[in-house]
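For reference, the structure is listed below as structure tokens.
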Amino acid sequence: MKPRALRALSFATLALAISSAAAVVWLGGLLAEPQLQPVGAPPAELGCAVVAFPSASGSRIRGWLCPAAAHRGSVLLLPGVRANRLSMVERARFLHRAGYTVLLIDFQGTGESPGDHITFGWLESRDARAAVDFLRTARPGEPVAVIGSSLGGAASVLADPPLPIDALVLEAVYPTIERATENRLSLRFGPAGRLAAPLLLVQFPFRLGVGTGALHPVDRIGSLRIPLLIISGSEDRHTTREDTLLLYGKAQPPKFLWLVPGAAHVDLHKFAGAEYERRVLTFLTRALVK
């Protein structure tokens, strides 16, 4: 190759590398952007009260408390990344019909809870603790369970010390933020996406104030001493079957696993319907009702 052509190729390669790095930096900012928006009034049939309480994340957490006449227990519903309490309304409906008090919240930086960044479970774990403490005060003497979807489940596991709860349902929870990032980048950009993962992960300390080592649910789940139901889609490519089995393998008994046949990274309640409700209610009855 002639020197001029070689120089041109070198400049083109450098330009491509710079533009790719810039794209990954831009993507990092996009993924961490807060998702603030009004959520409207709660569903009338649930008889919810609008509530707000402080969190050690620095936010004031907004939510709905939907009390049940029966005192079977209380269930905290924690939404996934960039979602708010509206995504958990259908779960609240079937749980409330079954006699459970339900608390739905917006994590910091989503819905109506203020925040500067989504932190993939770090600050959100403090919101989860604040919500459990609120439930313990609002419904004294009742057992408390948590259902956490994706980020919501990660936040539940990452809480340190462990949340003072009696049962936990985890849906599509990543084992480490590195695996979660690699999975998502490879889905978006193909095999080259995994090569870009370090450029995204290196942004965490200065963008979010937390290192990636603090975002390893797989390192925390073994400290939980409560009944666990771990759920994921059998075809999920964001949180893969292998990811879910890794998390399940590190959990302490009593623990239960359900790989939802045919489900990808979707709303598992919406996908599995009655079977989801049957399994979750059976688990809660065994864990909470004495």
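The values are calculated or read from the model by the stated rules, or taken from the named source; none is laboratory data. Predicted model only: the values in this text are computed from it and were never measured. Neighbour counts are summed over all protein chains in view; Cβ atoms, including those assigned to glycine, are modelled from backbone coordinates with ideal geometry.
Condition first: of a type in the set (D, E, K, R) and out of contact with any Phe, Trp or Tyr (no Cβ under 8 Å at 6 or more places or on another chain). Can you find one or more residues in the stretch 65-76 that meet it?
So in the stretch 65-76, the residues of a type in the set (D, E, K, R) come out as 72.
Restricting the remaining residues to those that are out of contact with any Phe, Trp or Tyr (no Cβ under 8 Å at 6 or more places or on another chain) gives none.
No.
If you check Ala130 against the conditions, is it over 18 Å from the mean Cα position of the chain (by Cα), assigned to a helix (DSSP H, G or I) and more than 26 Å from Val260 (Cα to Cα)? Let's see the steps before the verdict.
On the way: over 18 Å from the mean Cα position of the chain (by Cα): no; assigned to a helix (DSSP H, G or I): yes; more than 26 Å from Val260 (Cα to Cα): yes.
The answer is no for Ala130.
Of all the criteria given as (1) out of contact with any Pro (no Cβ under 8 Å at 6 or more places or on another chain); (2) of a type in the set (D, E, K, R); (3) within 18 Å of Arg225 (Cα to Cα), the one not satisfied by Glu178 is (3). Just to be sure before I move on: is Leu195 crowded, with 19+ Cβ neighbours inside 10 Å and assigned to a helix (DSSP H, G or I) in the structure I sent? So Leu195 fails the test. Would the stretch 153-168 turn up any residue that is modelled with pLDDT under 90 and surrounded by fewer than 17 Cβ atoms within 10 Å (Cβ to Cβ)? Checked against the condition, which is being modelled with pLDDT under 90 and surrounded by fewer than 17 Cβ atoms within 10 Å (Cβ to Cβ), the stretch 153-168 yields no hits at all.
A search for C-beta distances below 6 Å between a residue of the stretch 107-119 that is under 15 Å from Phe53 (Cβ atoms) and part of a loop (DSSP other than H, G, I, E, B) and any residue that is of a type outside the set (Gly, Ala, Ser) and modelled with pLDDT of 95 or more, counting only pairs 6+ apart in sequence or on different chains, returns Phe107/Glu124; Phe107/Asp127; Gln108/Leu123; Gln108/Asp127; Glu112/Val39; Glu112/Arg62; Glu112/Asp106; Gly115/Gln108. Tallying residues that are within 15 Å of the chain's Cα centre (by Cα) and part of a loop (DSSP other than H, G, I, E, B) within the stretch 164-175 yields 4. All of Leu123, Leu95 fail the test of being buried (at least 22 other Cβ atoms within 10 Å of the Cβ) and either in contact with a Ser or Thr (Cβ under 7 Å, 6 or more places away or on another chain) or among the small types (Gly, Ala, Ser) (or both), apart from Leu123. Within the stretch 150-161, not a single residue is farther than 16 Å from Phe53 by Cβ, in a helix (DSSP H, G or I) and touching a Cys at 6+ places or on another chain (Cβ under 8 Å).
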